[in-house]
1. What's the exposure ranking of A:LEU88, A:LEU94, A:LEU79, going from fewest to most Cβ atoms within 10 Å?
2. Excluding A:PRO210 itself, calculate the net charge of residues whose Cβ lies under 13 Å from the Cβ of A:PRO210, where each Lys or Arg counts +1 and each Asp or Glu counts -1.
3. Along Cα→Cβ, 7 Å out, is where each label goes; now give me the distance between the ones at A:ASN95 and B:GLU171 in nm to one decimal.
4. So, by mean Cβ neighbours within 10 angstrom, what's the order for A:4-11, B:138-145, A:211-218 with the highest one leading?
5. Taking the number of other C-beta atoms within 10 Å as the exposure measure, put A:LEU220, A:LEU248 in order starting with the fewest.
6. To the nearest 20 debye, what charge dipole does chain B have about its Cα centre, counting +1 at the Cβ of each Lys and Arg and -1 at the Cβ of each Asp and Glu?
7. For the range B:126-158 and the range A:181-226, what is the separation of their C-alpha centers, rounded to whole Å?
8. What does the convex hull of the Cα atoms of the range A:52-141 come to per residue, in Å³, rounded to a whole number?
Amino acid sequence: MLQEFIQQIVNGLVLGSTYTLIALGLTMIYGILGIVNWAHGELYMLGAFAGLYLAVVLKLPFIVALLGAMIILAVCGMLLERLVFRPLRQAPELNMIIGTLGISIFLMNTAIVLFSPNPLSFPTEYSNEYLSFLGIAITMQRLLVFFITVVLIALLNYLIKYTELGKAMRACEQNPDAARLMGIDINRISLVTCAIGAALAAAAGVLVGPIFLVSPQMGLLAIAKVFAVVILGGMGNVEGAIWSAFILGLAESLTAGFFSSDYKDIITFFILIAVLIFRPQGLFGNNVIEKV
Amino acid sequence: MLKLSNLAVHYGRIKALKGIDMEVAAGEIVTLIGANGAGKTTTLRAISGLVRPAGGTVEFEGRTVTGLDAREIVKSGISHCPEGRQIFPRMTVAENLELGAYTRKDKHNLDAEYQRVFEYFPILAERRRQLAGTLSGGEQQMLAIGRALMAKPKLLLLDEPSLGLAPFLVEKIFEIIRAINRQGVTIMLIEQNAYQALGIAHRGYVLETGSVVLSGPAHELRHNDHVRKAYLGE
Ligand SMILES: Nc1ncnc2c1ncn2[C@@H]1O[C@H](COP(=O)(O)OP(=O)(O)O)[C@@H](O)[C@H]1O
Ligand SMILES: [Mg+2]
């Protein structure tokens with residue numbers, strides 16, 4: 001019983017880490033560019049393929065492949081901003097939805113053509129290493145997911161809270177016109193935000209690719225959950241996204257472990273609907289009232 | 001110092017400014033008065049690069065700056081303290097001020113500016129670590145002005161700094177505006193409170209539906225029949 005519980009907690013932390021890394025980019029892009037990026041799951045998917053290629057085909061060490069995939073996807077994120085998001089910024093909301101949804105479909109199908117629709121396995125040097133305690137064995141890969149996610153969150157937190165870039169990002173999120181009056185280059189901040197968001201999604205893909213499987217459809221499956229995470233956390237709220245990612249990840253894996261895995265997806269959306277009814281601003285909505 | 005020639009701004013089909021001419025000399029306080037929707041805010045937004053003019057020119061210190069990016073305008077020495085304060089609510093007072101100096105190259109050298117801002121507004125020094133969104137309306141206005149000063153501007157654009165403040169605070173804000181001006185900062189001041197504005201300004205312009213209908217020294221405008229009827233409620 002205890003062992004089962006710990007196992008499910010570990011699984012929940014892995015899921016929570018994945019959701020966090022994807023949700024962070026999604027919520028930052030929404031907060032700063034005002035765009036809901038429906039193609040964000042595909043950045044996660046492309047990140048996994050990039051990591052798979054670097055680690056399995058080029059035989060680079062896993063950590064190097066992880067960093068490499070993050071850099072490749074950061075460039076993709078910047079291209080996406082420049083070619084798609086920037087022209088859409090002034091457009092009506094419907095155009096934005098159609099635009100990013102179109103990119104999502106395009107990227108997924110391109111991946112199906114390039115990599116075939118069949119899931120690929122992504123073995124790494126950590127897949128067959130175990131850490132044992134209390135009679136349970138946890139693969140190093142799972143621990144690595146959680147550990148690296150914590151490191152990335154800490155780095156992002158430092159960037160946003162203490163660096164000049166992070167302050168400029170927050171300014172753009174809180175009041176774009178005033179940010180322009182301070183002399184902040186909003187286009188540059190948008191570009192950087194997309195680069196960071198895409199790199200974090202890529203990290204998620206590379207980290208969990210070896211645990212699950214890598215396939216062109218993986219983004220589609222993840223994004224519904226991640227939207228739930230972002231809405232629970234309050235759209236554009238970075239801290240809220242982190243907490244709700246772990247809440248949902250744990251709820252899901254404990255449900256799967258103690259009731260039935262049939263209910264694990266239902267629990268996410270049950271929580272989402274309950275929150276939308278009772279706290280439509282999200283669990284961690286901003287409490288500061290902007291005075292007029 | 002600043003010269004607007006035949007400046008026009010359109011929002012879609014709305015012609016908010018229909019070709020206005022204005023001039024501000026170094027060291028002056030010039031006030032823009034006019035009813036709601038007359039085009040006062042739009043004038044400042046066109047100067048600071050937040051909206052692109054449909055026609056006409058903006059010249060600052062002999063250089064044409066029409067249509068330049070807001071960033072370039074700040075760097076050239078114009079700070080805009082916008083209508084409704086527009087502070088960053090979920091950042092601290094200190095961070096708000098720091099962002100005011102975002103384009104400054106001499107960032108290690110901001111002590112003089114902080115000192116000056118805290119001298120004008122001692123309450124901001126006390127509230128340094130507090131989130132700006134939790135300040136009172138008057139404190140937020142002080143922060144907005146302080147933030148604009150952090151860029152060390154030559155020309156300060158103030159859009160209705162007294163809006164919604166208690167009378168004793170209005171008095172105080174006007175006093176500080178005068179003090180800032182005495183330190184050598186040229187000021188363009190928008191006010192609904194025409195009486196007060198004409199009291200501290202050297203010259204004024206009266207805007208009505210996107211056109212300048214009157215201009216002149218402040219003391220003359222104060223005794224102008226039209227101004228007295230329409231804006232001073234006499
Ligand atoms: N963003 C905008 N979009 C459309 N119309 C606007 C916008 N901003 C201002 N206007 C219109 O332009 C005119 C001038 O507005 P404004 O410059 O704000 O006047 P004032 O500051 O004198 O009250 C008004 O008719 C107003 O409705
Ligand atoms: Mg106005």
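Nothing in this text is a laboratory measurement; each read-out follows from the coordinates by a stated rule. Since we're looking at a predicted model, the values are computed, not measured. FYI the Cβ positions are ideal-geometry reconstructions off the backbone, even for glycines, and counts take in every protein chain you see.
1. Details: A:LEU88 19, A:LEU94 8, A:LEU79 14.
The order, fewest Cβ neighbours first, is A:LEU94, A:LEU79, A:LEU88.
2. -1
3. Reported label-point gap for A:ASN95 and B:GLU171 is 5.3 nm.
4. Put in order of decreasing packing, that is B:138-145, A:211-218, A:4-11.
5. Details: A:LEU220 15, A:LEU248 27.
Going from least to most buried by this count: A:LEU220, A:LEU248.
6. Numbers: 29 positive and 25 negative charges, 104 e Å.
Here the size comes out at about 500 debye.
7. 36 Å
8. 157 Å³
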